[in-house]
Each structure stands twice: as structure tokens, then as C-alpha cells.
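Reviewing the structure listed below.
Values in this text are rule-based calculations from the coordinates and carry no lab data. For clarity, every value in this text was computed on a predicted model and none was experimentally measured. Methodologically, a virtual Cβ is constructed for each residue, glycine included, from the backbone with ideal geometry; neighbour enumeration extends over all protein chains shown.
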Amino acid sequence: FDIAGSSLAAQSMRLNTVASNLANADSVAGSAEAAYKARMPMFQAQLDAANPESAGVNVIGVMESQLDAQKRYEPGNPIADADGYVYAPNVNVVEEMVNMISASRSYQSSVEVMNTAKELTMRTLSLGK
């Protein structure tokens, strides 16, 4: 249950960052520094040799992409810089959608693991009847 639970928490964080990236994919800013940068969670396997039941996944942080913002020429935009450029986030919508599908499937798999473990526990308890 602990392993599947930590996986659910990790995939939930992954889905939240994907949602944030997709929500900001069409935003623009007046400078490259102010433009939204895509975020991605970083995971670490948790394994304790002395206590194997405490294994799982830890979210160790959320990193911002180091790719440059996309420079677009839109002189009519009210937030354009002096040269008429606005800066769009470095979010790749197709990659984010693939990431979302992968995260949701991993989440579903973890739910199935928990349901199976619950069912096996209930069957084991019913053996004594």
C-alpha cells in the first residue's frame, strides 16, 4: 500500500505540473525573463534495505526548463517590447499531452495495485471464517 500510495502522490504531482504547463502554454510576456517556463517534477526512488516495506517514490522537487522562450513578432500586442516582440513559454503542447497520458495511466495502474492488494487482504481475512 505504501509503494502504490507514494506512486499515486508522485503521479498526482506530475499531472498537476502538466496541467500548469498546458494552462500557461498560450500566455505571453514582454520579456524573455518574464515568460513562463515549463516545469517538470523530479522523482527519486526510495529504498531502505533494512525496511523493504518503506520503498516508494519521492518527489524531490520541481525543475524549470532551461530552454529559451519563443520570440514572436506581434507589434500590435500591448505588452510587446520596443522592437514589437512578445515572448511565449517554452511549453511543447504535444509533449505535455503525451506526458499527461503516461501519468494518468501510471496513476490508474497504482490504483489497480491498491485495489488488488485490498482484495487479497480481504480474502486472506475471510479464510478464518
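Tabulated values for the structure
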item: Karplus-derived 3J(HN,Hα), 6.51/-1.76/1.60, for each residue of the stretch 106-119, Hz, glycine and proline x; result: 5, 4, 4, 5, 5, 5, 5, 4, 5, 5, 5, 4, 5, 4
item: Dipole magnitude of the chain, debye to nearest 20 (Cβ charges: Lys/Arg +1, Asp/Glu -1, about Cα centre); result: 560 debye
item: Given charges at beta-carbon only (K, R positive; D, E negative), |dipole| of the stretch 37-92 in Debye; result: 120 debye
item: Assigned charges on the beta-carbon of Lys, Arg, Asp, Glu; the stretch 70-129 dipole about Cα centre (debye); result: 580 debye
item: Compactness of the chain as Cα Rg over 2.2 N^0.38 Å, two decimals; result: 1.53
